[in-house]
Amino acid sequence: MAKVDSSPPIAYDGSMSRSAEEMIRFRGLYESHVVTLRDYRCLAARGGPEADEHSDANKIVLMRHGAFCKHFGRRGTVADVNHAVFFAKGSTYRVSHPGDCGDRGTVIMPAPEVLDDILRQFDPSINEQPGRAFPFVTGPCETSVFWRHRQLVQQLEAAGDQPLEALWADVTALQLVADVVQAAFAQHGFPRRKRRQATDADHAERVEAAKVYLAGRLGEAITLDGVARAVHASPFHLARMFRQRTGVPIHRYLTRLRLRASLERLADGVDDITSLALDLGFSSHSHFTGAFRAEFGKTPSDVRRSTGARALRQMGKNLEV
C-alpha cells in the first residue's frame, strides 16, 4: 500500500562508509509496490574522493541542489542539477565534492520488474538478463523533467500524514524515470526499440478494460498496480499506453470521472459535501473542492447554493466560452 513517510531524516544503510553515513541523511518521501522515493541531503564540504561505496539496488538520483563527482578507478563524472545520475546495482564507486555547498536530491527506486519494463522500451536485450544494471552513469535532465521533479517532491512533502492519491504519485514518478532513461539512451547512442504494429489492438483492449475498471470503482482507493493487475499489464506499460490512447494520464482520467459524477449529485441537492467527496474517492473536502475548482472554475458549495439545474447550465456556458 502506498504511503508517505513523514519520519525524521535517517542515516543510510551499510552500503556506505562510516564517514559517508555521518555526512548524508535520507528521508522517505513515498513508497508503493512499484516505486520508492527518498529525499537525501549531503553536508559534505569540498574534498574527496572518500572510501568505496556500494549500490545495493538500481537507483536514479535527480538533484535539486549542488554537485558531486562519482569516481570509478581513475575515471570520474560530474553530477549536478543538469543531470540524472544512475546507480547500478552491485556497482562500487567513490564520491568527491567540488564545492562547499553540499548537495541534495531525490533517490528514485522503481521495483525491479517495473524498471525492466522501462528499459525494455529502449533495449530489447534486457529480456536476456532481467535486472541488469544501467548501461550508463549519467544522462541529461531536461528543464521539463527538472520542474516536474521539483513539483512532485513539493507535493509529497506537503501531504505529510494526509492521504495521498497513489495513482497520481506512481504515474508521475514512473514518467520521470522513463523520461530520464530515454534521454540517457538517446545521449549515449543506444538504439531504440521499434514499436510493433501488431500490439496496437492488444493495447486498445487493455486501455478499454482499464476504463471499465475505473468506472466501476470511483469510490475506491485505486492504485496503478491494482489497475495493471486487473488488465494483465505492467504498471509502466499501462500508464504509457493509457496516455497514448486517451490523451491524458490515467490519474487525471479518473479524477475527471469522479468530478463529473459529482455534478449530478450536487444537482440533486446533496447536503454533505464531505461525504460526497469521500464517496467519490477523494481524500477530503479540501481535496475535492480544489480539484473541482480547477476543473470547472467553481466550488461545489457554489453549485449547491445555486438552484441545481440552472447552476449547471450556467457553468456549462462558462466553460464553452
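When ALA158, ALA166 are checked against the criterion of being farther than 30 Å from HIS54 by Cα and in contact with a helix residue (DSSP H, G or I) (Cβ under 8 Å, 6 or more places away or on another chain), a single residue qualifies: ALA166. In the condition set (1) out of contact with any helix residue (DSSP H, G or I) (no Cβ under 9 Å at 6 or more places or on another chain); (2) over 22 Å from GLY189 (Cα atoms), THR143 is compliant with all but (2). Among the listed residues ALA221, ALA209, which satisfies the condition of being more than 21 Å from LEU119 (Cβ to Cβ), part of a helix (DSSP H, G or I) and more than 15 Å from the chain's Cα centre (by Cα)? Of the residues listed, the single one that is more than 21 Å from LEU119 (Cβ to Cβ), part of a helix (DSSP H, G or I) and more than 15 Å from the chain's Cα centre (by Cα) is ALA209. Screening the candidates ARG243, ARG260, ARG229 for the property of being within 14 Å of HIS203 (Cα to Cα), assigned to a helix (DSSP H, G or I) and without any contact (Cβ under 8 Å) to a residue 24 or more places away in the chain yields one hit, ARG243. Is one or more of the residues making up the range 29-45 within 23 Å of ALA178 (Cβ to Cβ), among the small types (Gly, Ala, Ser) and not in a strand (DSSP E or B)? Within the range 29-45 (the criterion being within 23 Å of ALA178 (Cβ to Cβ), among the small types (Gly, Ala, Ser) and not in a strand (DSSP E or B)), the answer is yes, since at least one residue qualifies. Evaluation of PRO163 against the conditions (1) at pLDDT below 90; (2) under 11 Å from the mean Cα position of the chain (by Cα) shows that the sole unmet condition is (2). On inspection, LEU164 does not qualify as in contact (Cβ under 8 Å) with a residue 40 or more places away in the chain, open to solvent by less than 10 Å² (accessible area, probe 1.4 Å) and of a type in the set (A, V, I, L, M, F, W, C). Of everything in the range 69-96 that is more than 19 Å from ALA184 (Cβ to Cβ) and modelled with pLDDT under 85, the residue that is surrounded by the fewest Cβ atoms within 10 Å (Cβ to Cβ) is ARG74.
Would you please name the residue that is farthest from LEU174 (Cα to Cα), looking only at residues in the range 257-293 that are of a type in the set (Lys, Arg) and open to solvent by 80 Å² or more (accessible area, probe 1.4 Å)? Checking each candidate, the answer is ARG265. Residue count for the range 46-66 satisfying the condition of being in a loop (DSSP other than H, G, I, E, B), on the phi < 0 side of the Ramachandran plot and not polar (S, T, N, Q): 7. The number of residues in the range 55-68 being at pLDDT below 90 and either open to solvent by 30 Å² or more (accessible area, probe 1.4 Å) or of a type in the set (Asp, Glu) (or both) comes to 1.
The values are calculated or read from the model by the stated rules, or taken from the named source; none is laboratory data. Quantities reported herein were computed from a predicted structural model and do not represent experimental measurements. Note: ideal-geometry Cβ built from the backbone for every residue, glycine included; neighbour counts use all protein chains shown. Remember, those area values only see protein heavy atoms, side chains included, never the ligands or the DNA or RNA. Shrake-Rupley method; radii C 1.70, N 1.55, O 1.52, S 1.80 Å.
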